[in-house]
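Input: a single structure, listed below in structure tokens.
The values are calculated or read from the model by the stated rules, or taken from the named source; none is laboratory data. None of these values were measured; they are calculated from a predicted model. In this analysis, Cβ positions are derived from the backbone assuming ideal geometry, glycine residues included, and neighbour counts consider all displayed protein chains.
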Amino acid sequence: MTFFDDMPESTQGSRKPRPVRPAWAGPPSNELPGVLHIGEFLHSSERMVLALKLVEVYSTGCLLDLAWTVRRRGDSDNQWREVMDQGFNHPGSRTAWDSGLMVGISYADGGRAIAAQDVPAVPGNDDVAGPVLAVLGRGGGAANDEMVQASARYWLWPLPVEADTQLVAQWEALGVPESSLTLSAEELSAALANIRTYWSE
């Protein structure tokens, strides 16, 4: 007999089913999305570009991948430090509502949403009225003496396939006026055909 022979057998509790995430809260966890490579500018100037790189289309909604770059144009060191701080001031940050990047969506039926915070803080509630536009991930960023680059991802629910939708952005502190581009309902609908589920059962 060895030292561990008389150890009691482990008793594992019954496995509890994981709660199903509501559709408004984020993409399905078992889907590979259809991808639309948009590559369009929401704003472009000598100072800054703000672009929608791509859209990941899921059965319930889509992820919008925005990226921006600001370059130094005659700023003093103190001014540039302020620009660098502002370059990371996007939805989800504490000061974004006052001067940071504002992103919104406008549906053809008049529905709209503004991404001022993360997804609605009502876990387990399936009765959220859409549309929902929420910061779902902040990409990496980089800054140096000449340039600031950053990105963020936004979850849009429901998927607007009935009519074209307007994506709207504004960033007053960095000189970006209210600007918009159209999300094509036809292209979003076509991307649905490219979604693949991980498992059939």
### Query
Among the residues of region 165-180, is any at pLDDT 95 or above and touching a helix residue (DSSP H, G or I) at 6+ places or on another chain (Cβ under 8 Å)?
yes
### Message
Can you pull out every residue in region 156-201 that is loosely packed, with under 15 Cβ neighbours inside 10 Å, under 30 Å from W80 (Cα atoms) and not small (G, A, S)?
### Response
E172, P177, E178
### Pick from region 107-132, criterion under 27 Å from R47 (Cα atoms) and at pLDDT 80 or above, ranking: nearest to the chain's Cα centre (by Cα)
A115
